Amino acid sequence: MGVELYITRAEFWADNEPSPITAEEWLSYVESDPELSLDTSQGEYFARWQGKSAHEDPWLDWFEGNISTKWPDVALYVKMLQVAQALGGRVQDDDGVVYQSPADWQFDPSSTGGA
């Protein structure tokens, strides 16, 4: 279990039927971003991020209209903000709290022994 953050266009990430991020949009974005690469061994829409992260293997995954990850460190969270802006979305947590600026999220897995 852990905190999951979502890139979504919906008011609440779980209710995104009116405005999903499509799989095609996600795949096109991954293809255009040199910091992201698909890892289809983990799923058709699973992407690894090559940015500097406290996590050994940071990732983002598309599922049913949202893009998500679990326990992102600040660097991956900032990347999520960039992806959200490019796709016309925003970043939310499981409870629907919206995160808008780099200072809104603080988590360093190296200081807690990991997630």
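Overview of results
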quantity	calculated
Residue pairs meeting the criteria (Cβ under 8 Å; at least 6 apart or on separate chains; first under 21 Å from THR40 (Cβ atoms) and among the hydroxyl-bearing types (Ser, Thr, Tyr), in region 6-30; second modelled with pLDDT of 95 or more and outside any helix (DSSP H, G or I))	THR22/GLY65; TYR29/LEU36
Residue tally, condition surrounded by 12 or more Cβ atoms within 10 Å (Cβ to Cβ) and either touching a strand residue (DSSP E or B) at 6+ places or on another chain (Cβ under 7 Å) or over 20 Å from TYR77 (Cα atoms) (or both), over region 29-43	8
Pairs where the first residue, in region 66-86, is within 24 Å of GLU17 (Cα to Cα) and free of Cβ contacts under 8 Å to residues at least 24 places away in the same chain and the second is in a loop (DSSP other than H, G, I, E, B) and charged (D, E, K, R), C-beta under 9 Å, 6+ apart	GLN82/ASP33
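The values are calculated or read from the model by the stated rules, or taken from the named source; none is laboratory data. Computed from a predicted model, the values in this text were never measured in an experiment. In this analysis, Cβ positions are derived from the backbone assuming ideal geometry, glycine residues included, and neighbour counts consider all displayed protein chains.
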